Amino acid sequence: MKTKMKPAVYALLIAVPFLIIAFNACSKSGDDNGYGNNGGSSSGSTVSIKYMAFSAGTLTITAGTTVTWTNNDATTHTVTADDASFDSGDIAPGGKFSHKFTDAGTVAYHCTFHPMMQASVKVN
């Protein structure tokens with residue numbers, strides 16, 4: 001005799017893998033953002049947005065450098081300064097945003113859609 005699975009079981013079987021992925025993305029500590037750089041410094045002027053994370057935990061640059069963020073993820077993100085000094089607005093998959101840093105200091109930023117996505121730019 002065949003037993004029919006209830007719709008709730010199907011929904012659970014479909015939802016569990018997505019929940020695991022979301023949990024893993026959200027639970028990454030600032031010490032490892034999924035790029036293997038342990039949130040360390042980077043001297044480049046580009047940041048990739050992928051796997052629900054910014055590719056550099058801290059990007060170190062010199063004053064006058066323009067940083068470009070590229071959304072290599074499958075969902076829309078933002079690059080929003082915690083001090084409101086810049087805001088990319090929505091960056092669709094494949095889109096880019098650039099900002100020129102002129103003053104020394106450290107600027108923390110995040111994605112407004114995904115608050116667990118956080119990073120900073122250190123300007124020397």
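The values are calculated or read from the model by the stated rules, or taken from the named source; none is laboratory data. Quantities reported herein were computed from a predicted structural model and do not represent experimental measurements. Glycine also receives a Cβ, built like all others from the backbone with ideal geometry; neighbour counts cover every protein chain displayed.
Annotations for the structure displayed:
- Put simply, of Thr58, Thr76, Thr80 the only residue that is among the β-branched types (Val, Ile, Thr), modelled with pLDDT of 50 or more, in contact with an Asp or Glu (Cβ under 6 Å, 6 or more places away or on another chain) and under 14 Å from Val121 (Cβ atoms) is Thr80.
- Ala53, sole failed condition from (1) at pLDDT 95 or above; (2) out of contact with any helix residue (DSSP H, G or I) (no Cβ under 8 Å at 6 or more places or on another chain); (3) crowded, with 18+ Cβ neighbours inside 10 Å: (2)
- Counting the residues of segment 57-68 that are in a loop (DSSP other than H, G, I, E, B) and more than 15 Å from Thr80 (Cα to Cα) gives 3.
- Of the criteria (1) small (Gly, Ala, Ser); (2) crowded, with 17+ Cβ neighbours inside 10 Å; (3) over 16 Å from Ala56 (Cβ atoms), which one Gly89 fails: (2)
- Flag for Ala119 being buried (at least 20 other Cβ atoms within 10 Å of the Cβ) and either modelled with pLDDT of 95 or more or part of a loop (DSSP other than H, G, I, E, B) (or both): yes
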